[in-house]
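Encoded as structure tokens, the structure appears first; notes follow it.
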Amino acid sequence: MRFAFISDIHANLEALEAVLSDIDKKGVDEILCLGDVVGYGANPNECAEITAKRCKSVLLGNHDAVATNLLTTQHFNVHAKIAIEWTTQTLTHANKSFLAALPVSKTTDILTMAHSTPYEPGMWYYITSLEEAAFNFQFFDTKICLVGHTHIPMIIVLDDEEIYVHPDKQISYKEREDRRLLINIGSVGQPRDRNPDSSYGILDTDEKLFSLHRIPYDIHKAQAKMKKIKMPDFLVNRLAEGR
Ligand code: ZN
């Protein structure tokens with residue numbers, strides 16, 4: 001099976017369309033979304049509808065939870081608050097119902113998926129260090145766990161008690177029965193690793209190969225729409241800077 005993983009779309013329709021078109025070109029069996037479908041961008045309804053239609057499963061992100069009143073804006077900065085208030089007012093009732101019903105994590109026979117962390121996924125913690133990654137490896141039993149939330153793509157490997165960040169965009173676990181992976185697939189709609197291109201991942205379970213991909217999209221168009229609905233300049237500008 002070939003799976004594509006997308007996350008942190010954040011209502012950026014141009015980015016979502018570019019990523020889906022690349023996924024279609026490459027060909028996969030299923031697309032799975034790890035949450036934060038909305039928040040920040042100008043097209044929350046379109047992104048919710050396309051994600052619902054194209055993805056085999058979708059997880060709840062913290063922005064989706066706030067937009068649907070499952071969570072308060074208590075932990076949001078001023079920019080995120082302005083964006084989510086507009087999003088809450090703009091989302092249709094049907095799209096809010098879809099988002100509000102999403103689970104915070106999902107486990108299959110081979111995979112664990114969560115928007116934030118495998119440890120207490122509804123608490124929205126971040127994995128920003130190897131110490132936090134090592135802690136989280138204790139909270140899933142599968143070989144591979146995929147997350148989003150930080151918007152920074154990263155493959156963290158646990159081999160023989162050793163934990164490290166994989167230096168490449170692709171990793172095989174074919175010859176390594178003991179190898180376990182904690183993978184952040186990055187963000188479709190608001191990358192923050194100084195590379196403005198959309199990020200997503202592909203897992204081939206027959207080849208036992210995972211790869212991260214970067215796709216350029218029409219950033220100017222996404223920014224122009226955000227300006228039109230008066231999103232804060234900080235949120236508009238960061239798309240071009242990838243931060
Ligand atoms: Zn996010």
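Counting just the residues of segment 166-213 that are in contact with a Ser or Thr (Cβ under 7 Å, 6 or more places away or on another chain) and of a type in the set (Val, Ile, Thr), which one comes out surrounded by the most Cβ atoms within 10 Å (Cβ to Cβ)?
Out of the qualifying residues, it is 188.
Quick one: in segment 151-160, which of the residues that are buried (at least 18 other Cβ atoms within 10 Å of the Cβ) and not hydrophobic (A, V, I, L, M, F, W, C) is nearest to the ligand (Cβ to nearest atom)?
151
Could you identify the single residue in 206, 197, 160 that is touching a Lys or Arg at 6+ places or on another chain (Cβ under 7 Å) and either of a type in the set (D, E, K, R) or at pLDDT 95 or above (or both)? Please lay out each step first, then the result.
Working: 206 fails: touching a Lys or Arg at 6+ places or on another chain (Cβ under 7 Å); 160 fails: touching a Lys or Arg at 6+ places or on another chain (Cβ under 7 Å).
None of the others qualify; the one that does is 197.
Check 102, 60 and return the single one that is within 16 Å of the ligand (Cβ to nearest atom), part of a loop (DSSP other than H, G, I, E, B), open to solvent by less than 40 Å² (accessible area, probe 1.4 Å) and in contact with a strand residue (DSSP E or B) (Cβ under 7 Å, 6 or more places away or on another chain).
Details: 60 fails: in contact with a strand residue (DSSP E or B) (Cβ under 7 Å, 6 or more places away or on another chain).
Residue meeting the stated conditions: 102.
Would you mind finding the one in 4, 18, 48 that is small (Gly, Ala, Ser) and either free of Cβ contacts under 8 Å to residues at least 40 places away in the same chain or surrounded by fewer than 24 Cβ atoms within 10 Å (Cβ to Cβ) (or both)? Steps first, please.
Values: 4 fails: either free of Cβ contacts under 8 Å to residues at least 40 places away in the same chain or surrounded by fewer than 24 Cβ atoms within 10 Å (Cβ to Cβ) (or both); 48 fails: either free of Cβ contacts under 8 Å to residues at least 40 places away in the same chain or surrounded by fewer than 24 Cβ atoms within 10 Å (Cβ to Cβ) (or both).
Result: 18 is the single residue among 4, 18, 48 that is small (Gly, Ala, Ser) and either free of Cβ contacts under 8 Å to residues at least 40 places away in the same chain or surrounded by fewer than 24 Cβ atoms within 10 Å (Cβ to Cβ) (or both).
Hey, can you tell me all the residues within segment 123-143 that are away from the ligand (no atom under 16 Å from the Cβ) and part of a helix (DSSP H, G or I)?
Of all residues in segment 123-143, those away from the ligand (no atom under 16 Å from the Cβ) come to 129-143.
Correct list: 130, 131, 132, 133, 134, 135, 136, 137.
Only one of (1) away from the ligand (no atom under 16 Å from the Cβ); (2) assigned to a strand (DSSP E or B) is not met by residue 146, so which one is it?
If we test residue 146 against (1) away from the ligand (no atom under 16 Å from the Cβ); (2) assigned to a strand (DSSP E or B), just (1) comes out false.
May I ask you to say which residue of 199, 211 is part of a strand (DSSP E or B), within 16 Å of the ligand (Cβ to nearest atom) and of a type outside the set (A, V, I, L, M)? Walk me through how you get there before you give the answer.
Values: 211 fails: within 16 Å of the ligand (Cβ to nearest atom).
When all the criteria are applied, what remains is 199.
Can you tell which of 201, 242 is small (Gly, Ala, Ser) and in contact with a Phe, Trp or Tyr (Cβ under 8 Å, 6 or more places away or on another chain)? So that I can check it myself, show each step before the final result.
Numbers: 242 fails: in contact with a Phe, Trp or Tyr (Cβ under 8 Å, 6 or more places away or on another chain).
Result: 201 is the single residue among 201, 242 that is small (Gly, Ala, Ser) and in contact with a Phe, Trp or Tyr (Cβ under 8 Å, 6 or more places away or on another chain).
Could you figure out which of (1) open to solvent by 10 Å² or more (accessible area, probe 1.4 Å); (2) in contact (Cβ under 8 Å) with a residue 12 or more places away in the chain; (3) more than 16 Å from the ligand (Cβ to nearest atom) isn't true of residue 94?
That leaves (2) as the condition not met.
Within segment 68-91, work out how many residues are surrounded by fewer than 11 Cβ atoms within 10 Å (Cβ to Cβ) and of a type in the set (A, V, I, L, M, F, W, C).
Qualifying residue count, segment 68-91: 1.
Test residue 117 against the stated conditions and say whether it is among the β-branched types (Val, Ile, Thr), surrounded by 15 or more Cβ atoms within 10 Å (Cβ to Cβ) and either in a loop (DSSP other than H, G, I, E, B) or within 16 Å of the ligand (Cβ to nearest atom) (or both). Break it down stepwise before answering.
Values: among the β-branched types (Val, Ile, Thr): yes; surrounded by 15 or more Cβ atoms within 10 Å (Cβ to Cβ): yes; either in a loop (DSSP other than H, G, I, E, B) or within 16 Å of the ligand (Cβ to nearest atom) (or both): yes.
Here the answer is yes, as residue 117 does meet what is asked.
Which members of segment 11-34 meet the condition of being out of contact with any helix residue (DSSP H, G or I) (no Cβ under 6 Å at 6 or more places or on another chain), in a loop (DSSP other than H, G, I, E, B) and within 13 Å of the ligand (Cβ to nearest atom)?
Answer for segment 11-34, where residues must be out of contact with any helix residue (DSSP H, G or I) (no Cβ under 6 Å at 6 or more places or on another chain), in a loop (DSSP other than H, G, I, E, B) and within 13 Å of the ligand (Cβ to nearest atom): just 34.
Output the number of residues of segment 134-180 satisfying the condition of being out of contact with any helix residue (DSSP H, G or I) (no Cβ under 7 Å at 6 or more places or on another chain) and closer than 20 Å to residue 193 by Cβ.
Kept after step one, since they are out of contact with any helix residue (DSSP H, G or I) (no Cβ under 7 Å at 6 or more places or on another chain), are these residues of segment 134-180: 134-155, 157, 159-162, 164-179.
Adding the requirement that they be closer than 20 Å to residue 193 by Cβ leaves 136, 145-155, 157, 164-171.
Qualifying residue count, segment 134-180: 21.
Taking residue 163 as the residue in question, decide whether it is away from the ligand (no atom under 16 Å from the Cβ), open to solvent by 10 Å² or more (accessible area, probe 1.4 Å) and in a strand (DSSP E or B).
Details: away from the ligand (no atom under 16 Å from the Cβ): yes; open to solvent by 10 Å² or more (accessible area, probe 1.4 Å): yes; in a strand (DSSP E or B): yes.
The answer is yes for residue 163.
The values are calculated or read from the model by the stated rules, or taken from the named source; none is laboratory data. If you're wondering where the values come from, they're calculated on a predicted model, not measured in any experiment. So basically every Cβ, Gly included, is an ideal-geometry build from the backbone, and we count neighbours across all protein chains shown. Side chains are part of the model used for accessible areas, which takes the heavy atoms of the whole protein and leaves out ligands, DNA and RNA. Shrake-Rupley method; radii C 1.70, N 1.55, O 1.52, S 1.80 Å.
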